[in-house]
Each structure stands twice: as structure tokens, then as C-alpha cells.
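The values are calculated or read from the model by the stated rules, or taken from the named source; none is laboratory data. Note that this is a predicted model, so its numbers are computed, not measured. Cβ placement follows ideal geometry from the backbone for every residue including glycine, while neighbour counts extend to all protein chains displayed.
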């Protein structure tokens, strides 16, 4: 009897989640991210702190279910980044605005796969002993992730995601490009709107 009860609850949860991803519904939400990292190096048994970086980003998102389980939309990612060396002689900041077309595909139990391609612009500013230098750059990026929609009620879901992303920054007044890639973990919140 206990097994049958658990199976019935699981089936109801699956049907309830599936109803959220019907054609014509909309997604409105996004995510916040904050990261603080201290950079150190170790040489001859001695650890030296190089500096600290702080990153904050906000990414509102909109999507529309063009067919059942498939949503297309866009994300607008705004990132503020700051680096300061341990001696206080050098400091840099970066501001980035990026538009990211987004595609999501949902499995019936609430698991989703998300892909994004982004293009945007940014400004990098560094200050070394009072000498200030500014550079503008163009950013391109892509990311793929898998996540899970945990519904708090019929319309609101918390969405943890894990994925892999890569970005490249091409500086306008220089002949080089910064490339960053790696794994990420993100938590977002979405409102699922429209008729089920």
C-alpha cells in the first residue's frame, strides 16, 4: 500500500509539472549571481595573497512556449566586476551588458535543458597608482545548462541549474582577446503565466 501511495503522489506531481509547459504559456523571471574570490599563490611553502575579485550579475529572462515543452526567449545579463590587489596599488572594474537569445526544452518531470548565445558590450577600467585607463570591448558567449523547475505553487518555480559556458572579450583598441570558460551553478526564479 505504501508503494502505491508513493507512486500516485509521483504521478500527480509529474502531471502537475507537465501542465506548466503548454504551448502559449510565458516565462517571466531571471537569476542573480554573486561571487567573491581571493587569489593566492604558494611558493617555497609560503602563501601570498594577490588580491580579491567580486562579481555581481542580474539576468532578467522572458520566454514563450512555441509548442508544448519548448520555450524560446531572451535574457538580458548585466554584470559588474571588480578586482583589487592586496597592496592597494592596482584596481580594475568592468561593466558588461549582454543580450542572450535563449532556448529551453522541458521533460515532463520538470527537468529542462537550456542553451544560450550572447552578444554584448562592456567597459574595462583600471587604476594603477592613480593612472586611470579605460578600454571598451565586445563580448560573445555561449552556454548550455541542465536545470530543474521546483514549483512552489501553480505558477512560481525555483530553478537550480548547472552548466558550462564560454565567453570572449575583443578589445577595440588592442589586438588581443580574453577567453574564459568553465562550469557554473546558478539559481533562478520563474513565473509561468497564461492558461494551462
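Figures for the structure shown
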{"read-out": "Which numbered condition residue 31 fails, given (1) buried (at least 16 other Cβ atoms within 10 Å of the Cβ); (2) part of a strand (DSSP E or B); (3) modelled with pLDDT under 80", "value": "(3)"}
{"read-out": "Flag for residue 192 being at pLDDT 90 or above, within 30 Å of residue 85 (Cβ to Cβ), in contact with a strand residue (DSSP E or B) (Cβ under 7 Å, 6 or more places away or on another chain) and in a strand (DSSP E or B)", "value": "no"}
{"read-out": "Residue within region 65-77 that is surrounded by fewer than 15 Cβ atoms within 10 Å (Cβ to Cβ) and within 24 Å of residue 176 (Cβ to Cβ) present", "value": "no"}
{"read-out": "Test: residue 120 is touching a strand residue (DSSP E or B) at 6+ places or on another chain (Cβ under 7 Å), assigned to a strand (DSSP E or B) and within 20 Å of residue 66 (Cβ to Cβ)", "value": "no"}
{"read-out": "Residue, farthest from residue 77 (Cα to Cα), within region 93-138, restricted to residues that are touching a helix residue (DSSP H, G or I) at 6+ places or on another chain (Cβ under 7 Å) and at pLDDT 90 or above", "value": "110"}
{"read-out": "Subset of region 55-70 [part of a strand (DSSP E or B) and over 17 Å from residue 31 (Cα atoms)]", "value": "64, 65, 66, 67, 70"}
{"read-out": "Test for residue 38: is it surrounded by fewer than 16 Cβ atoms within 10 Å (Cβ to Cβ), without any contact (Cβ under 8 Å) to a residue 12 or more places away in the chain and assigned to a strand (DSSP E or B)", "value": "no"}
{"read-out": "Those residues of region 127-145 which are more than 17 Å from residue 177 (Cα to Cα) and either surrounded by 14 or more Cβ atoms within 10 Å (Cβ to Cβ) or touching a residue at least 60 places away in the same chain (Cβ under 8 Å) (or both), in sequence order", "value": "127, 143, 145"}
